[in-house]
Amino acid sequence: MSLCNKGTAAVLAVLFTAGLHAQTTALSPSDSIKIDLPADSPLNLISTTMGLTLRNAGARHIRGVTLLITAQEFAPGGKGSVARPSIDVPPGENFTLPIDIRLVRPVRETAGPLVRVQLDGVLFDDLSFYGPNKLNSQRALTFWEVEAQRDRAYFKQALQARGQTGLQQEILASIAKQADRPQLDVSLSRNGPAVGSAVPSTDHMAQFAFLNLPGAPVQPLEGWAAISGNEARSPQIEVINNSGKPVRYVEIGWLVKDKQGREYLAGSVPASESAMVLPAGQRARLQQDTALKFSRAGRPVEIDGMTAYVSQVEFADGHVWVPSRRDLDSSPLLRITAPSPEEQRLADIYAKKGLPALVAELNRY
């Protein structure tokens, strides 16, 4: 979020905590927040007490929701979003989206609400979608749901094959990996070196090594980035579409290795253009005009190597690909990368409610 000079703007906290009840299009008692849902929305607004409570007014189970929250449309820091993946809301049931977000307050206040809350998208259990999709919510929610299906299937298979003891072993292993996963702080800037690079050295072009995952429809061929101490700039990766279908989005996961040989998840290199179409058998170059600075516990992490892998692919027909659990297990990825929101949710159910609750949750699907 961009910060404005003192005296020109203030940070506006959007926090639904108490006392506000609304209809489909409503303002708070102070006329400061407008909640706007379309007339044909599959969601009905119930209340905004302790979060935004909505009802599934459609005919299908809801798997994910994204809201667009705007204080000023075009100003830096003037809008944000709230996403809720990995949910299962049957028709007619209510659910709550906690909203706690900070936006830059408009410099010039005009008549009407300070903040507008809009529905950007709803994903259903058949992967159909409703909404304007201004934030590419359909893509993000679909990737999350496909990962959720993959991870639920993995834990259900453990339950079926090895019983509750086997499931418990797998979920405890997941919790342990989450606790042991190496953490890296990453600051990002555009169009130049990241502010505060702490390890001076001569820039050099470093090549990526690649993890080639079996069955990945897109393969990375070569890539490089400019490295200077704990900073990497302008990563570029060339890929080829090995599938038989056109691809409209590719994301490359990015790992970095420090001087002690420890590896960390650094981020991703997404497709450069939202309108990209990569025909079958063709190549494309993914690149970012960014600088990333890496640190851990406040100390710079000097880069000794980089590895990349295909993490997400979206085809032109809307279908998506993510790495399988076998891909993750047969590589360092399961140890280094963050678990899916669904795996985190299942681990949280076990930690808070125990094994019987986890078994019951898996058996719901």
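The values are calculated or read from the model by the stated rules, or taken from the named source; none is laboratory data. Source: prediction; values computed, not measured. Don't worry about glycine lacking a Cβ; one is built from the backbone with ideal geometry, like all the others, and counts go over all protein chains shown. These area figures cover heavy atoms from the full protein model, side chains too; ligands, DNA and RNA do not enter into them. Shrake-Rupley method; radii C 1.70, N 1.55, O 1.52, S 1.80 Å.
Pick from region 256-299 the residues that are at positive phi and assigned to a loop (DSSP other than H, G, I, E, B): which of them is modelled with the highest pLDDT?
Gly281
Among the residues that make up region 169-192, is at least one of them outside the structural domain of Phe315 (by TED's automatic domain parsing), at positive phi and not hydroxyl-bearing (Ser, Thr, Tyr)?
Checked against the condition, which is being outside the structural domain of Phe315 (by TED's automatic domain parsing), at positive phi and not hydroxyl-bearing (Ser, Thr, Tyr), region 169-192 yields no hits at all.
Identify, from the list Ser324, Ser331, Ser295, Ser311, the residue that is hydroxyl-bearing (Ser, Thr, Tyr) and either without any contact (Cβ under 8 Å) to a residue 12 or more places away in the chain or crowded, with 19+ Cβ neighbours inside 10 Å (or both).
Ser311
Which condition breaks for Gln260 when tested against (1) under 23 Å from the mean Cα position of the chain (by Cα); (2) without any contact (Cβ under 8 Å) to a residue 12 or more places away in the chain?
It is condition (1) that Gln260 fails.
When you look at Leu221, is it open to solvent by 20 Å² or more (accessible area, probe 1.4 Å), under 23 Å from Gln149 (Cβ atoms), among the hydrophobic types (A, V, I, L, M, F, W, C) and touching a strand residue (DSSP E or B) at 6+ places or on another chain (Cβ under 7 Å), yes or no?
no
Find all pairs meeting these conditions: Cβ atoms under 7 angstrom apart; at least six residues apart or on different chains; first residue within region 145-165 and over 14 Å from Pro341 (Cα atoms); second residue surrounded by 14 or more Cβ atoms within 10 Å (Cβ to Cβ) and small (Gly, Ala, Ser).
Sorted first by the residue in region 145-165, then by its partner, the pairs are Ala158/Gly166; Leu159/Gly166.
Limited to region 42-54, what total is found for residues that are touching a residue at least 40 places away in the same chain (Cβ under 8 Å) and either charged (D, E, K, R) or buried (at least 19 other Cβ atoms within 10 Å of the Cβ) (or both)?
Residues in region 42-54 being touching a residue at least 40 places away in the same chain (Cβ under 8 Å) and either charged (D, E, K, R) or buried (at least 19 other Cβ atoms within 10 Å of the Cβ) (or both): 4 in total.
In region 222-247, which residue that is in a strand (DSSP E or B) and farther than 21 Å from Asp289 by Cβ is nearest to the chain's Cα centre (by Cα)?
Val247
Specify which of the listed residues (Phe155, Phe124, Phe129, Phe143) is crowded, with 20+ Cβ neighbours inside 10 Å and touching a helix residue (DSSP H, G or I) at 6+ places or on another chain (Cβ under 7 Å).
Checking each option against the conditions leaves just Phe155.
Among Ser189, Ser174, Ser137, which is within 24 Å of Arg335 (Cβ to Cβ) and surrounded by 14 or more Cβ atoms within 10 Å (Cβ to Cβ)?
Ser174
State all residues of region 340-365 that are open to solvent by 20 Å² or more (accessible area, probe 1.4 Å) and in contact with an Asp or Glu (Cβ under 8 Å, 6 or more places away or on another chain); if no residue qualifies, say none.
Selection gives Pro341, Ile349, Arg364, Tyr365.
Count, please, the residues in region 224-274 that happen to be over 26 Å from Asp203 (Cα atoms), small (Gly, Ala, Ser) and open to solvent by 30 Å² or more (accessible area, probe 1.4 Å).
Final tally of qualifying residues: 2.
So which residues in region 319-333 are under 13 Å from Asn212 (Cβ atoms) and assigned to a helix (DSSP H, G or I), if there are any at all?
Those that are under 13 Å from Asn212 (Cβ atoms) and assigned to a helix (DSSP H, G or I): Asp327, Leu333.
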